[in-house]
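Heads up: the structure comes next, in structure tokens.
The values are calculated or read from the model by the stated rules, or taken from the named source; none is laboratory data. Note that the structure is predicted; figures quoted are calculated from it, not measured. With ideal geometry, Cβ positions are generated from the backbone for all residues, glycine too; neighbour counts draw on all protein chains shown. Calculation scope for accessible area: heavy atoms of the full protein, side chains included, ligands and nucleic acids excluded. Shrake-Rupley method; radii C 1.70, N 1.55, O 1.52, S 1.80 Å.
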Amino acid sequence: MATIRMIDIAVNFTDGMFKGVYNGKQCHVADIPSVLSRAWSAGVDRIIVTGGSLEESREALAIAETDGRLFCTVGVHPTRCKEFEESGDPEKHFQALLSLAKEGVEKGKVVAVGECGLDYDRLHFCPSEIQKKYFEKQFELADAMKLPMFLHMRAAAKDFCDILSRNKERFSAGVAHSFTGSAEDRDKLLSFNDLFIGVNGCSLKTAENLEVVRGIPVERMMIETDSPYCEIKNTHAGINFVKSVWPSKKKEKYDQDCIVKGRNEPCLVRYAEILPSWCLINWIHFLALFPGKSLGWWQAVKVLLT
């Protein structure tokens, strides 16, 4: 049996915490190289860096270009969709996204459109009508680039699935990442062909969460950290199944050989340990992402290593 090789499908390397900045305060040096070193040693084989705005997507592409094992997304997060209208020219803003996506695809680095979707838990950042308008707009980007979609859904399953249904001919595949919904939400997502569900620490907080995730067919599941967020905390139900442990220190006592306490990292993409324990299944072995564009990153969950 081959060693498990994992793809972390969601890492926010553009976040200030990976630059050593917490709540506006510089606590330690930027440390993406150290974070990557731990990831590779833990068996992570590829990482997809998340873009959440036009500017973040540019930064995500620049980061992805620093290592052959890094890839990225281009898109606008639902809580940031006001940036289209605040730009003064929404269509020009969209064309800038399209141009960036084309550049990234030509470089072999952009593998999905996103992070886009709906987030009704944080309407104070962006009203639902603006979120819906520019979520739907980004299907144009997926259609033009023939890319899968990296999706976000929070407390918005009905509107989210309605928009997916209207646009199902405009995207080839996708993943609803960082899933925290109900069994009903899960089943709505699974009703779409070639739509996968991403699982991280936030998906495994409670016993109810575990039961919901248990109902996701393994061939429709992807693993992620969504770091630096969504760690598996000691209070989470999923912590009972974690086997691997990394030494950690507080950010004020930063040590490049330790993870920062409270900051999630790709080396902690250890759901491949947790899920077999209570799903009573053989966890899928993730195949390394091929450089060929035609294979697409979503195939990582379909192929077994031998």
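Points to keep in mind about this one:
- Qualifying strands (runs of 3 or more DSSP E) (wholly inside the range 35-135; at least 1 residues being within 16 Å of Val11 (Cα to Cα) and touching a Pro at 6+ places or on another chain (Cβ under 6 Å)): 44-49, 110-119
- Number of residues in the range 212-236 that are in contact (Cβ under 8 Å) with a residue 60 or more places away in the chain and either open to solvent by 10 Å² or more (accessible area, probe 1.4 Å) or not in a loop (DSSP other than H, G, I, E, B) (or both): the value is 11.
Residue-wise test of (1) open to solvent by 60 Å² or more (accessible area, probe 1.4 Å); (2) under 19 Å from the mean Cα position of the chain (by Cα); (3) among the hydrophobic types (A, V, I, L, M, F, W, C).
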residue: Ala144; (1), (2), (3): yes, no, yes
residue: Ala156; (1), (2), (3): no, yes, yes
residue: Asp159; (1), (2), (3): no, no, no
residue: Ser165; (1), (2), (3): no, no, no
residue: Glu169; (1), (2), (3): yes, no, no
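- Ala30 free of Cβ contacts under 8 Å to residues at least 24 places away in the same chain and either assigned to a loop (DSSP other than H, G, I, E, B) or open to solvent by 70 Å² or more (accessible area, probe 1.4 Å) (or both): yes
- Positions within the range 148-202 being in a loop (DSSP other than H, G, I, E, B), in contact with a helix residue (DSSP H, G or I) (Cβ under 6 Å, 6 or more places away or on another chain) and of a type in the set (D, E, K, R), in sequence order: Arg170
- Residue check, Gly88 in contact with a Lys or Arg (Cβ under 9 Å, 6 or more places away or on another chain) and at positive phi: no
- Within the range 33-54, being open to solvent by 20 Å² or more (accessible area, probe 1.4 Å), under 20 Å from Ile223 (Cβ atoms) and not small (Gly, Ala, Ser) holds for Trp40, Asp45, Arg46.
- Gly114 being closer than 24 Å to Asp159 by Cα, of a type in the set (Gly, Ala, Ser) and open to solvent by less than 10 Å² (accessible area, probe 1.4 Å): yes
- Across the range 69-99, the number of residues qualifying as under 19 Å from the mean Cα position of the chain (by Cα) and open to solvent by 10 Å² or more (accessible area, probe 1.4 Å) comes to 5.
- Flag if Ser57 is more than 14 Å from the chain's Cα centre (by Cα) and either open to solvent by 10 Å² or more (accessible area, probe 1.4 Å) or modelled with pLDDT of 95 or more (or both): no
- Residue check, Asn193 farther than 23 Å from Cys161 by Cβ, without any contact (Cβ under 8 Å) to a residue 24 or more places away in the chain and open to solvent by 20 Å² or more (accessible area, probe 1.4 Å): no
- Against the test of being among the basic types (Lys, Arg), over 27 Å from Pro127 (Cα atoms) and out of contact with any Lys or Arg (no Cβ under 8 Å at 6 or more places or on another chain), the options Lys261, Lys253, Lys168 yield a single qualifying residue, Lys253.
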